[in-house]
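Before any comments, here is the structure.
The values are calculated or read from the model by the stated rules, or taken from the named source; none is laboratory data. Treat the numbers as computed from the prediction; the structure is a model and nothing was measured. Note that each Cβ is placed from the backbone with ideal geometry, even for glycine, and that neighbours are counted across all protein chains shown. Protein only, heavy atoms only, side chains kept; ligands, DNA and RNA dropped before computing areas. Shrake-Rupley method; radii C 1.70, N 1.55, O 1.52, S 1.80 Å.
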There are 2 protein chains.
Amino acid sequence: MSQVRRVAILGSTGSIGRQAIEVIEAFPEAIAADVLVTHSNAELLIEQAKRLRPRQVVIVHAALYHRVCEALAGTGIRVAAGQEAVLAAVQQPQVDVVLAAMVGYAGLLPVLAAAQAGKHIALANKEALVVAGALITTEVRRYGGCLIPVDSEHSAIFQCVAGEAHQSVRRIILTASGGPFRGMNIDQLRHVRPQQALQHPNWKMGEKITIDSATLMNKGLEVIEAHWLFGLPAERIEVVIHPQSIIHSMVEFSDGSLKAQLGLPDMRLPIQYALTYPQRLSGPWPRLDLLQVGPLTFEPADRNTFRNLALAYEALRLGGNMPCVLNAANEVAVQAFLKERISFPTISRIIEQCMSEADFIGQPGLEDYIETDRWTRQKAQALIETS
Amino acid sequence: MSQVRRVAILGSTGSIGRQAIEVIEAFPEAIAADVLVTHSNAELLIEQAKRLRPRQVVIVHAALYHRVCEALAGTGIRVAAGQEAVLAAVQQPQVDVVLAAMVGYAGLLPVLAAAQAGKHIALANKEALVVAGALITTEVRRYGGCLIPVDSEHSAIFQCVAGEAHQSVRRIILTASGGPFRGMNIDQLRHVRPQQALQHPNWKMGEKITIDSATLMNKGLEVIEAHWLFGLPAERIEVVIHPQSIIHSMVEFSDGSLKAQLGLPDMRLPIQYALTYPQRLSGPWPRLDLLQVGPLTFEPADRNTFRNLALAYEALRLGGNMPCVLNAANEVAVQAFLKERISFPTISRIIEQCMSEADFIGQPGLEDYIETDRWTRQKAQALIETS
């Protein structure tokens, strides 16, 4: 790479953020951490800052500001706090790449700010696109930035469509491991506990996404994300269960040819790809050896048992603010499941109830999304309390 | 496609040629047969000409010239005969694309002529590149033509490297079905008969290539072909047995990411791709349904039992005229095996003997290839007679 790319990591202490730091440390001549942002894990932020020496850190939870300042005193690292500081940081001219790796709806405003600054955005936060895909993709185009997916599935698709004309793409086939509850029926799902849901067979990820993988909502959100990234309607985005997580996704072209991207289930690979794109750098990570993998298999996704996937398709077909409702209800319901306040199948019931009661807005603006999100969270909370 | 592409099909009555005609008939607005060339199957040539109405036909075996003239009298289709007429036909300005689908060494001079006329060459005849890859690729570049592979493996690789930088390619992984004798040991191979070798598990192909698939020489020739098409040394071209023939080949990139191209084992797909490239057209062919395929598996290739593969790697490493020796000895030995004059394992012994006795020429010109081919055929024939 001709010069070092300076990265702002939003969510540096989370699962993606920590792996991004491993990537940055593996390629000191190509990538550097310029800004580290975390919500409230001040101690890890401090440790990361001392090691990586970014220009700036931001702690969103302002009560921890003084703790961070104190710990980094004398290092020359600028410390800021609060949500506004995040929005300012991603727009700074020193930042070449914004890695959006915060969890959930919290990613929306920073991603929008990065888009409006024309940044190269490495997008791990799928919820931003789920909630406000039309707005974000419009702003990316308007300000001349780019959006490189970090999700392994979308990274796979992005790689498979390289060098191909958009009109040649017939279908996207998202692969899904099926999660820890693959093959279970609804009766069995009633009794699963958070600890079981957190045991993902192939991927080591954060809590929220791991539960979403168990419910297949993660795949549903990915369908919506794929719609915005690759400009295809719901009926041309399919989900296939591939329990081995070796084929990360596929594209079928108009002539019937399919391209697939394969690799070990290791998020450092798509993170690296998104940060260094269009360069491919040789890293120290373990490599896929096809002779060591067992048979690769495919099964249909069970949308009846795993209702969240059907609900996500429904939200995408309805459009407007419905994916925002879906996402907010899901975030609240997942937290309630993690706290053992609702059962696993109740997650879907709460989302469905919110979708059926929400006011539909066909062409929402940013304010509409914010209001829809607020209303839905309140509604979902109320449903949980009475469930 | 903006205008109809006019194709010269060299080998129109062979397996690839006949499937190419199916492709042409499926896309009348995109592709047309301009010239049909066959060696000696006059009756099928006449039938094809009456149906497709090409501008010209060429029958290589000149004794059949009058028969073809007579049958096509009054159609307005020009008839020519002999090898020289083939070379003239591929260079005609009316020809946009040359589909090189003749068998074996016979493809060399026509492919060279097409290259020197700057044509778009759809290359099914791998032997031309095996014998004289340096010469052909140099001429393609010099005269501004292009070489699009038809072999399903090379078509797969060609598709996987689209949009990628050459320096990002770490390895090519050619998949092989393993043929009908996969898993056999050398004692078992001593007793196999031509009829068994002609039963390919997945692909319907001509006789010569089907025997080459059974010996793994086909894969060895593909390794050499891949070297010339994609500019990688032998040690970065690997062979993996994939008995299902669904993944047609793969590319590993420098960052550890792999891309694969998948499809049904149907040659019409890569033929169509090579004829219409860079367009992908939606055809009437059956499509791959991942939910209908069984598990996809991978095994190492057994180069000890299937010696031809090891010999091909050796010929590529030695370079110069050695691949030409390999190819000529193989063509003669395969014919002898088909006539039950030698055993299956003797094919390799004859090739090895020829390679060890041939004069090595490091930088051969066209005359050297012709002489090497002539010497080797004579040598191989002599070895067969004394075996």
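Structure data summary
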| item | result |
| --- | --- |
| With all protein chains modelled, accessible area of B:Trp375 [1.4 Å, Å²] | 80 |
| Cα shape, segment A:132-179, gyration tensor, a/c 1.5 rule | oblate |
| Total accessible area lost when A and B pair, probe 1.4 Å, Å² to nearest 100 | 3400 |
| Cut-off under 5 Å, modelled amide H: who pairs with A:Tyr277 long-range | none |
| Area accessible to solvent at A:Tyr143, 1.4 Å probe radius, in Å² | 100 |
| Solvent-accessible area of A:Met217 with every protein chain in place, 1.4 Å probe, in Å² to the nearest 10 | 0 |
| Given charges at beta-carbon only (K, R positive; D, E negative), |dipole| of the protein assembly as shown in Debye | 120 |
| Other protein chain Cβ atoms within 10 Å, averaged over every residue that makes up A:241-253 | 2 |
| Protein accessible area in segment A:212-337, 1.4 Å probe - carbon and sulfur % | 51 |
| Segment B:Gln83-B:Glu385, extension gain: residue separation times 0.36 nm, minus the distance between their alpha carbons | 105.8 nm |
| Long-range amide H partners of B:Ile241 with built H, under 5 Å | B:Ala176, B:Glu299, B:Ala301 |
| Segment B:5-149 - percent of accessible surface contributed by carbon and sulfur, probe 1.4 Å | 53 |
| Ratio Rg/Rh [Cα only; Rh per Kirkwood] for chain B | 0.95 |
| Debye equation applied to the C-alpha atoms of the protein assembly as shown, log10 I(q)/I(0) at 0.04, 0.09, 0.10 Å⁻¹ | -0.21, -0.88, -1.01 |
| Paramagnetic reach from B:Arg193 (point 7 Å along Cα→Cβ, amide N under 17 Å) across segment B:341-359 | B:341-345 |
| Peptide ranges A:133-142, B:27-36 listed from the most packed, as the mean C-beta count within 10 angstrom indicates | B:27-36, A:133-142 |
| Straight-distance crosslink candidates among lysines, where the alpha carbon sits under 16 Å from B:Lys379 and sequence neighbours closer than 8 are dropped | none |
| Qualifying aspartates and glutamates (Cα of each under 14 Å from Cα of B:Lys339; at least 8 residues distant if same chain) | B:Glu207, B:Glu331, B:Glu385 |
| Spread of Cα-to-Cα distances over 10 Å intervals beginning at zero, given as percent, for segment A:130-228 | 13, 38, 30, 15, 4, 0 |
| Distances in nm from A:Ala73 to the matching label points in the other copies, shortest first (labels 7 Å along Cα to Cβ) | 10.9 |
| 10 Å Cβ neighbours from other chains, averaged over peptide B:286-295 | 5 |
| Other-chain or far-sequence residues with amide H under 5 Å of A:His120's (modelled H) | A:Val98, A:Cys146 |
| By accessible area with a 1.4 Å probe, ligands and nucleic acids excluded, highest first: order of A:Glu299, A:Glu385 | A:Glu385, A:Glu299 |
| Percentage relative contact order, chain A, counting C-alpha pairs under 8 Å, at least six apart | 15 |
| Euclidean distance of C-alpha centroids, segment A:299-363 and segment A:47-77, integer Å | 38 |
| Residue-averaged beta-carbon neighbours from other chains (10 angstrom radius) around B:264-273 | 2 |
| Residues of segment A:219-303: accessible area per residue with a 1.4 Å probe, Å² | 29 |
| Principal axis box of segment A:1-105, alpha-carbon based, largest edge first, Å | 40, 34, 26 |
| Inter-copy separations for B:Glu371, label at 7 Å along Cα-Cβ, nm, ascending | 8.8 |
| Highest to lowest packing among A:51-64, A:268-281, scored as the average C-beta count within 10 Å | A:268-281, A:51-64 |
| 7 Å along Cα→Cβ, label-point gaps from B:Pro286 to other copies, nm, shortest first | 3.8 |
| Label-point gap, in nm, between A:Arg374 and A:Lys50 - each point 7 angstrom along Cα→Cβ | 4.1 |
| Rounded, prolate or oblate (a/c below 1.5 giving rounded, otherwise prolate when a/b exceeds b/c) for segment B:264-387 by Cα gyration tensor | prolate |
| Probe 1.4 Å, protein heavy atoms only - accessible area per residue of segment A:5-149 in square angstrom | 36 |
